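Have a look at the structure below before the remarks.
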Amino acid sequence: MNPPVDPHVEAGPSSAGPASAAGLSDSAATSASQSRWLLETRGITKRFGAVEALSDVNLHVAPGEVTALLGDNGAGKSTLIKCLAGIHEPEDGQMIWDGNPVRIRGPKVATGLGIETVYQDLALCDNLDIVQNMFLGRELTNNRLLDEDSMEKQARQTLAELSVTTVRSIRQLVGSLSGGQRQAVAVAKAVMQNARMVIMDEPTAALGVAQTAMVLELIRTLRSRGIAVLVISHNLNDVFKVADHIAVLYLGRLAVEAPVGAFDQQSAVYAITTGRFESDPIEASKTVQAIE
Ligand SMILES: Nc1ncnc2c1ncn2[C@@H]1O[C@H](COP(=O)(O)OP(=O)(O)OP(=O)(O)O)[C@@H](O)[C@H]1O
Ligand SMILES: [Mg+2]
């Protein structure tokens, strides 16, 4: 059996170790100033009382790529993204954003950096329409009056850019939208704030086949615009359809982080359930069968 794969690390003055054993190209293993990562976490540790929800996590997220964050229930996925979104502050570790150390002390700091999070419950208001939701708390005004025309125009434009075509009217109440359409509105809201990284917690968990396809297409559109997408999912079919990079958390530790090509479904399940990386599909399959 192979040893666990080290997370990607960069060579360079601030490097914590050698270039990745998981297929990182030479050009990617550059100095910190030329880092290919938009976000890097170094040694992030988060405790809730006696529970260490995250232990020494080194995660890497690149612009224009989809990074899937995988892990079993309680592995620490939501805690990690809440640290990135400024909801939790880690006890230890460092965040490097676009090459610079940052402290994300609150949600406003996160949005100021260009980090937008789409939570599973989406935080949309059913009794407001699409435009009102997209501008909630950040309404445009003209002479102290709401600038409805500009907001409508921007909302329509953003939805069109994301190829969201199934919404009948942008004045439709969000409560009347399907799950996929709601997800699209939440993503459009994030994109409209000039997001550089969009984090999505289980975006397809409650969706049917067609709506899931729509959300996956939305994720691809974000990627094609150079946005970094960090997506939590328990659905490996979805993950393998869109991910460029996979990171697996196991009991609060980053078990493995590698390009998607280093995994197949068996080795991903193996990593999620054991915290170890097994690149030999036959070995991984034996373990997966034993677990099942
Ligand atoms: N606010 C909190 N207070 C105390 N413990 C917490 C809190 N949030 C998370 N935890 C604990 O931290 C650990 C990681 O939880 P987290 O919600 O990050 O897991 P997860 O990977 O998102 O799981 P799931 O797939 O079920 O959503 C768990 O043991 C959980 O009980
Ligand atoms: Mg969670």
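Rule-based calculations on the coordinates, nothing more; no lab input. The shown structure was predicted, so the numbers you read here are calculated from the model rather than taken from an experiment. Cβ placement follows ideal geometry from the backbone for every residue including glycine, while neighbour counts extend to all protein chains displayed.
Details
- You can think of it this way: the chain between LYS241 and ASP98 has 48.8 nm of extra reach, that is 0.36 nm per residue less the Cα-Cα gap.
- A Cβ-based charge dipole, computed about the Cα centre of segment 140-281 with Lys and Arg at +1 and Asp and Glu at -1, lands at about 420 debye.
- The GluC sites (Glu not before Pro) of segment 64-130 that DSSP puts in a loop, and whose beta carbon has at most 12 other beta carbons within 10 Å, are GLU91.
- By the count of neighbouring beta-carbon atoms within 10 Å, fewest first, LEU249, LEU124 end up ordered LEU124, LEU249.
- Of VAL61, ALA210, LEU84, farthest towards positive along the dipole that unit charges on Lys, Arg, Asp, Glu beta carbons give segment 26-291: LEU84
- Going by neighbour counts of Cβ atoms within 10 Å, the residues TYR270, TYR119 line up, fewest first, as TYR119, TYR270.
- Share of Cα-Cα pairs in segment 26-291 lying beyond 36 Å, as whole percent: 16
- Debye log10 I(q)/I(0) for segment 114-269, one point scatterer per Cα, at q = 0.11, 0.16 Å⁻¹: -0.46, -0.89
- Projected-area average for segment 68-190 over all orientations - Cα convex hull basis, square nanometres: 9.8
- Across all C-alpha atoms in segment 224-280, the radius of gyration and Dmax reach 11.3, 35 Å.
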